[in-house]
Amino acid sequence: MREVAIVGIGMTPFGELWQDSLRNLFAKAALAAIDDAGVDHIDGMYIGAMSTGLFVGQEHIASLMADYLGMPGVPAAHVESACASGGIAVRQAFFEVASGAGEIILAGGVEKMNDGADTTYVLATAADQEYEAFHGVTFPGLYAMIARAHIHKYGTTREQLADVAVKNHENGFKNPNAQFRMKIDRETVMNSTMVADPLRLLDCSPVTDGAAAVIVASMDVAKKLARPYVKIKASAMATDSLALHSRKDLAALPAVQKAAERAYKQAGVTPDKIDVMEVHDCFTIAELVVMEELGLVERGKAGAAVSAGMTRLGGKIPVNTSGGLKSKGHPVGATGVAQVIEIVEQLRGAAGDRQVANAGLGLTQNMGGSGGSCVIHILEAMS
Amino acid sequence: MIVPRYTREIPQRYRLEAGKCKKCGYLAFPPRVVCPECGNRRFVTVRLKPAGTILTYTVIHVAEDNFAAETPFAVGVVETDDGARLTAQIVDCKPEEIEIGKRVNLILRRIRKEGHAGILQYGYKAVLQR
Ligand SMILES: [Zn+2]
């Protein structure tokens, strides 16, 4: 397989975008990425979206998007892996370019969650319908059960969970594309409305509309474009049982650990070499468990590390400089692509107030369901 | 949920029928066609012991529309005494009484009504042993 680069990025602001349709959201992000790359065509595209059928009653979206991007005829495919759909779209584009089948491929993600669907129901379709959702379990409920197990096993505290949200809002405050650009404090998180005990409203990522796109290309194309680009050093994925109850350790996310092991091996790096990370903080507990699975800290130590500031901007390893899913927003299918965009900006040195000094190596971790899928990319700055 | 989709799962929901791997003894609930532990494809049908232990739980305050009228309600992961794991509501108690490690019995209860026609759907729920 040949080496692959990311040569362009584009996204819509994340939020409740009542005036924008699914198709226009996608087209705006895709055009921004195409313009950013300075390419005059694409050879194909992959679009991550979790459930356009249930959210807005629209399937067959890849062709629709090609049409409204003004490119009818271009090969396009929709990929779905719940909340990891966007990351998988990037991975498919990576493979198409790495294989030599395509030179310039667009990887995008989109979700329109605020068009009146029962969002809690739609999200729960990423869980086992017959053996989890049938009993009334929600997505916050599944992560709440992981949180309860983590608290029981390691003594993780309510304060430590809150500190994840506080940190991510501190970062999102500096991100013009974030849905909730406001700082919050620990007490506000801990006094917010109960959703699924012990998780409260401000432990949960919001319901968001938005789209994101990147242009993936061969190194030859990247060099000819003569614009800033980053190299994809690793693209790794792993799956796990869909039902949380089938896992041996309920305070762990084994798919993350497996994908991370594969990604580090591909890139030939250890976790301590990574300068900045975007991880899947769909709930505060998720960020803690993911830190442990990625090898940033020992099992059970993530809460204390976050409260000590290890993952803040300026800390040892900044995590979720974009504000994460928590503050930036979580348009499910777009999230994995938006994570890649944040890391590309960091590696270009173009992240403004959120910039991590001398960022050379970045990682994105995007996860579906309660950890039934996980995709990780490691990106490297090219000067 | 259309009727065949519900009816298909009745052996599991009413009688806790599982598949026991003929090679390694893994208990598949619900039954599977291939053992995730050893790859064997031959199973014998067994009924799970209707008692077990709470491994983790939550109290749901915001539910999907089908369960909205029932909030707050507790849900947990239960390991049965024969070692299978499942998700079930924990009922007939105050949320404060639930703890990891507490013993429960699995009993047949109404889970929900289907849509506007109000078709009743039954299944297992957990109650604390007292
Ligand atoms: Zn077996």
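The values are calculated or read from the model by the stated rules, or taken from the named source; none is laboratory data. Only a predicted model underlies this, so the values are computations on that prediction, with no experimental measurement involved. A quick note on method: Cβ atoms are made from the backbone with ideal geometry, for glycine too, and the neighbour counts reach across all protein chains shown. Side chains are part of the model used for accessible areas, which takes the heavy atoms of the whole protein and leaves out ligands, DNA and RNA. Shrake-Rupley method; radii C 1.70, N 1.55, O 1.52, S 1.80 Å.
Tabulated values for the structure
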| quantity | calculated |
| --- | --- |
| Matching option when the condition is open to solvent by 10 Å² or more (accessible area, probe 1.4 Å), of a type outside the set (Ser, Thr, Tyr) and either touching a Ser or Thr at 6+ places or on another chain (Cβ under 7 Å) or not assigned by TED's automatic domain parsing to the domain that holds A:ARG312 (or both), among A:ARG158, A:ARG148 | A:ARG148 |
| Enumerated helices (runs of 4 or more DSSP H) restricted to region A:46-103, each holding at least 3 residues that are more than 21 Å from A:GLY369 (Cβ to Cβ) | A:61-68, A:85-98 |
| Output for region A:63-88, where each listed residue is buried (at least 21 other Cβ atoms within 10 Å of the Cβ) and of a type in the set (A, V, I, L, M, F, W, C) | A:MET65, A:ALA66, A:LEU69, A:ALA76, A:VAL79, A:ALA82, A:CYS83, A:ALA84, A:ILE88 |
| Helices (runs of 4 or more DSSP H) (entirely within region A:107-221) containing at least 2 residues that are at pLDDT 95 or above and more than 30 Å from A:ALA27 (Cα to Cα) | A:139-154, A:158-172, A:186-190 |
| Filter result for A:GLY362 (within 29 Å of A:GLY141 (Cβ to Cβ) and either open to solvent by less than 10 Å² (accessible area, probe 1.4 Å) or hydroxyl-bearing (Ser, Thr, Tyr) (or both)) | no |
| Any hit, region A:220-230, residues being surrounded by 24 or more Cβ atoms within 10 Å (Cβ to Cβ) and of a type in the set (Phe, Trp, Tyr) | no |
| Criterion: within 16 Å of the ligand (Cβ to nearest atom) and surrounded by fewer than 16 Cβ atoms within 10 Å (Cβ to Cβ) - qualifying residue of B:ARG42, B:ARG47 | B:ARG42 |
| Pairs where the first residue, in region B:20-36, is within 14 Å of chain A (Cβ to nearest Cβ) and the second is more than 7 Å from the ligand (Cβ to nearest atom) and open to solvent by 60 Å² or more (accessible area, probe 1.4 Å), C-beta under 8 Å, 6+ apart | B:TYR26/B:LYS20; B:TYR26/B:PRO36; B:LEU27/B:LYS20; B:ALA28/B:LYS20; B:ALA28/B:PRO36; B:PRO31/B:THR45; B:VAL34/B:ARG41; B:CYS35/B:ARG41 |
| Residues located in region B:38-57, provided they are within 11 Å of chain A (Cβ to nearest Cβ) and more than 16 Å from the chain's Cα centre (by Cα) | none |
| Any hit, region A:12-20, residues being in contact with a strand residue (DSSP E or B) (Cβ under 9 Å, 6 or more places away or on another chain) and more than 16 Å from A:GLY109 (Cα to Cα) | yes |
| First in region B:103-130 and hydrophobic (A, V, I, L, M, F, W, C), second anywhere and open to solvent by 80 Å² or more (accessible area, probe 1.4 Å) and not in a strand (DSSP E or B), Cβ under 6 Å, 6 or more apart | B:VAL127/B:ASP92 |
| Tabulated pairs, region A:259-286, first more than 13 Å from A:MET367 (Cβ to Cβ), second of a type in the set (Gly, Ala, Ser) and assigned to a loop (DSSP other than H, G, I, E, B), C-beta under 7 angstrom, 6+ apart or interchain | A:PRO271/A:GLY295; A:ASP275/A:ALA359; A:ASP275/A:GLY360; A:VAL276/A:ALA359 |
| Residues (more than 16 Å from the ligand (Cβ to nearest atom), surrounded by 13 or more Cβ atoms within 10 Å (Cβ to Cβ) and either in a loop (DSSP other than H, G, I, E, B) or among the aromatic types (Phe, Trp, Tyr) (or both)) located in region B:1-34 | B:MET1, B:TYR6, B:GLU9, B:LEU16 |
| Region B:92-130: number of residues that are at pLDDT 95 or above and more than 13 Å from chain A (Cβ to nearest Cβ) | 11 |
| Pick from region A:89-125, criterion crowded, with 24+ Cβ neighbours inside 10 Å and out of contact with any helix residue (DSSP H, G or I) (no Cβ under 7 Å at 6 or more places or on another chain), ranking: nearest to the other protein chains (Cβ to nearest Cβ) | A:ARG91 |
| Filter result (among the small types (Gly, Ala, Ser) and touching a Gly at 6+ places or on another chain (Cβ under 8 Å)) within region A:178-216 | A:ALA178, A:ALA196, A:SER205, A:GLY210, A:ALA211, A:ALA212, A:ALA213 |
| Qualifying residue in region B:69-81 (condition: outside any strand (DSSP E or B) and either away from chain A (no Cβ under 12 Å) or under 13 Å from the mean Cα position of the chain (by Cα) (or both)) | yes |
| Matching residues, region A:251-300, being within 14 Å of chain B (Cβ to nearest Cβ), in a loop (DSSP other than H, G, I, E, B) and surrounded by fewer than 23 Cβ atoms within 10 Å (Cβ to Cβ) | A:ALA252 |
| Hits in region B:58-68 - residues which are under 23 Å from B:LYS102 (Cα atoms) and either more than 7 Å from chain A (Cβ to nearest Cβ) or in contact with a Ser or Thr (Cβ under 7 Å, 6 or more places away or on another chain) (or both) | B:ILE60, B:HIS61 |
| Enumeration of residues in region A:327-361 that are assigned to a helix (DSSP H, G or I) and more than 24 Å from A:GLN92 (Cα to Cα) | A:SER327, A:LYS328, A:GLY352, A:ASP353, A:ARG354 |
